[in-house]
Amino acid sequence: VAWMKPVTSSVSNEYRNAWITKAGRGWFTNETDTCWIEIDLGGPYRIDHVEIKWAFNTNPNVANYEMGAEINGSWVETRSKADEKVDESAKKSRKARKGITTLEGWEGRTTKVRLDMRLVDNARMFRKGSKFNYTVGIGGVFIYGKEDPVRETVTLSRPVRSNVANMDAHLVDGINAVSWRSLSRQSWIEISLDGICVLESVTIDWAKNVIRGSQTVKYVVGGE
């Protein structure tokens, strides 16, 4: 699900995004303390597992790493180097020979994935042709999962607040026979969605014989 998705990292060079656009190239850094990469999935996904392909077996230079994820608008640590999935019977497999690390997935609607790496002391410096030296190289981060199911109405039975006490639930109960009413000239309604949602449209079902006036719809993106 990370294929061709936007990537940022702790370094800026011509290779920073190449590993998701062209086969045979990768992301490299000559940092000697810490480094990181972040992938924006562009929407909510359920993650099944993640594979990290270390370029030219540079993973011994990484003393530890944490994989974080933006889940429902908040960053949480999901996996670390200690969680690497090791199949003893497959140590000589094709994946193992190619330096591929596997991590199990996690629960939650994930929108971004970040890999923070801490290097060993006196990390070995490798050299790529005559271009540059590097300490860590990643040939690819492969994230497997499924897009979170699309819901037609994301506000149904969600928490809601307004300037009218004890009538908020009528706004999101899906029942047309009852309605929310306000006598104030200026009113407000706030609905909390289930994490990050991609909105196609917003529909207001007005009660009969009401003064509609003008409305402003505001929304919060990414928890900000």
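The values are calculated or read from the model by the stated rules, or taken from the named source; none is laboratory data. Keep in mind that this is a model prediction, so the values were computed, not measured. Note that each Cβ is placed from the backbone with ideal geometry, even for glycine, and that neighbours are counted across all protein chains shown. The protein model used for the area step is the full one, side chains on, heavy atoms only, and it has no ligands, DNA or RNA in it. Shrake-Rupley method; radii C 1.70, N 1.55, O 1.52, S 1.80 Å.
Before moving on, here are some points about what is shown:
- Taken over region 1-51, the criterion of being closer than 16 Å to Gly99 by Cβ, over 16 Å from the mean Cα position of the chain (by Cα) and either modelled with pLDDT of 90 or more or open to solvent by less than 40 Å² (accessible area, probe 1.4 Å) (or both) is satisfied by Trp19, Gly26, Trp27, Phe28.
- Only a single criterion out of (1) within 26 Å of Gly42 (Cβ to Cβ); (2) surrounded by 12 or more Cβ atoms within 10 Å (Cβ to Cβ); (3) free of Cβ contacts under 8 Å to residues at least 60 places away in the same chain is not satisfied by Asp168, namely (1).
- With a requirement of 3 or more residues that are at pLDDT 85 or above, crowded, with 20+ Cβ neighbours inside 10 Å and within 20 Å of the chain's Cα centre (by Cα), the strands (runs of 3 or more DSSP E) lying completely within region 90-139 that satisfy it span 100-119.
- When the residues of region 182-202 are filtered to those that are open to solvent by 100 Å² or more (accessible area, probe 1.4 Å) and modelled with pLDDT of 85 or more, the one that is nearest to Pro159 (Cα to Cα) is Trp188.
- Among the residues of region 203-212, the ones that are over 31 Å from the mean Cα position of the chain (by Cα) and either closer than 17 Å to Thr153 by Cα or open to solvent by 70 Å² or more (accessible area, probe 1.4 Å) (or both) come to 6 in all.
- Val210 at pLDDT below 85 and of a type in the set (A, V, I, L, M): yes
- Look at (1) surrounded by 18 or more Cβ atoms within 10 Å (Cβ to Cβ); (2) farther than 14 Å from Ile37 by Cα; (3) at pLDDT 85 or above and you find that Trp75 fails only one, number (1).
- Filter result for Leu156 (modelled with pLDDT of 85 or more and not in a loop (DSSP other than H, G, I, E, B)): no
- Selection over region 171-181 of residues that are open to solvent by less than 60 Å² (accessible area, probe 1.4 Å) and not aliphatic (A, V, I, L, M) gives a count of 3.
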